[in-house]
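K.L.:
Sharing a structure with you now.
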Amino acid sequence: MFRLQGSKVLAVDVTGDAVKAKNGSMVAYDGQMAFKKLSGGGEGLRGMVTRRLTGEQMTVMEVRGQGTCWFADRASEINLVALRGDTLYVESSNLLATDAGLRTGTTFTGLRGASQGNGLFTTTVEGTGQAAILSDGPAVVLRVSPQYPLTVDPGAYIAHQGNVRQSFQSGVTFRTLMGEGGGEAFQIRFEGDGLVYVQPSERNTIAGDL
């Protein structure tokens, strides 16, 4: 259902089921399509309340019909993620589209979210299907295993999935080791078994001020 045309355009073959995508990301379509603006952060009343409390702002549109729709967002790289009953945790600004088999919601992230300027909550995508996530440059998918935990700069983090636990490390930073001041005040440590998606370009964070 989801396929890439190049690395920066997502083509979705719509056959009646609803596809949700970032509002304003549709660049072309053929066939018969109907578009409906929604609010992100979760379905139903609970999702509305959660968005008010968390500030996890994500405006999405629902696409239904028969045909093909093409999506893109500011020439960002697009990465396809297959879910098989598990959960993807992704920053709302990095979520481009989800298919009909997936549900979205929000979950608490604590200090990590605050450090990135994204609030204390992040978006969850659950179910069986495909999601498309955005990155500034080609995303790197890194494996986390019990033998090999992973440490990530919060500005490069995009998403993770699997049975993964997060913790925070403060003290010596990547940039400090390179002789540069003003680096992040902490890094994110992932332990368990799963995947972590990072981008080769760091977003602006406020971690250095925490």
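K.L.:
Could you run through the range 73-87 and say how many residues are within 28 Å of Gly194 (Cβ to Cβ), touching a residue at least 60 places away in the same chain (Cβ under 8 Å) and not β-branched (Val, Ile, Thr)?
P.N.:
Here the count works out to 7.
K.L.:
For residues that are open to solvent by 40 Å² or more (accessible area, probe 1.4 Å), modelled with pLDDT of 90 or more and not in a strand (DSSP E or B), tally how many sit in the range 25-53.
P.N.:
Number of matching residues: 0.
K.L.:
Could you list, in sequence order, the residues of the range 192-210 that are at pLDDT 50 or above and open to solvent by less than 60 Å² (accessible area, probe 1.4 Å)?
P.N.:
Gly192, Gly194, Leu195, Val196, Tyr197, Val198, Gln199, Ser201, Arg203, Thr205
K.L.:
Looking only at residues that are in a strand (DSSP E or B) and surrounded by 15 or more Cβ atoms within 10 Å (Cβ to Cβ) in the range 69-85, which one is farthest from the chain's Cα centre (by Cα)?
P.N.:
Ranking the candidates gives Cys69 first.
K.L.:
If you don't mind, another one. Got a sec? Which of Arg175, Arg112 is surrounded by fewer than 17 Cβ atoms within 10 Å (Cβ to Cβ) and modelled with pLDDT under 85?
P.N.:
Arg175
K.L.:
Could you grab me the full set of residues in the range 178-191 that are modelled with pLDDT of 55 or more and closer than 22 Å to Asp136 by Cα?
P.N.:
Phe186, Gln187, Ile188, Arg189, Phe190
The values are calculated or read from the model by the stated rules, or taken from the named source; none is laboratory data. Predicted model, so just to flag it, every value in this text is computed and none were measured. Glycine gets a Cβ as well: all are built from the backbone with ideal geometry, and neighbour counts include every protein chain shown. Surface areas here come from the heavy atoms of the whole protein model, side chains and all, with no ligands, DNA or RNA. Shrake-Rupley method; radii C 1.70, N 1.55, O 1.52, S 1.80 Å.
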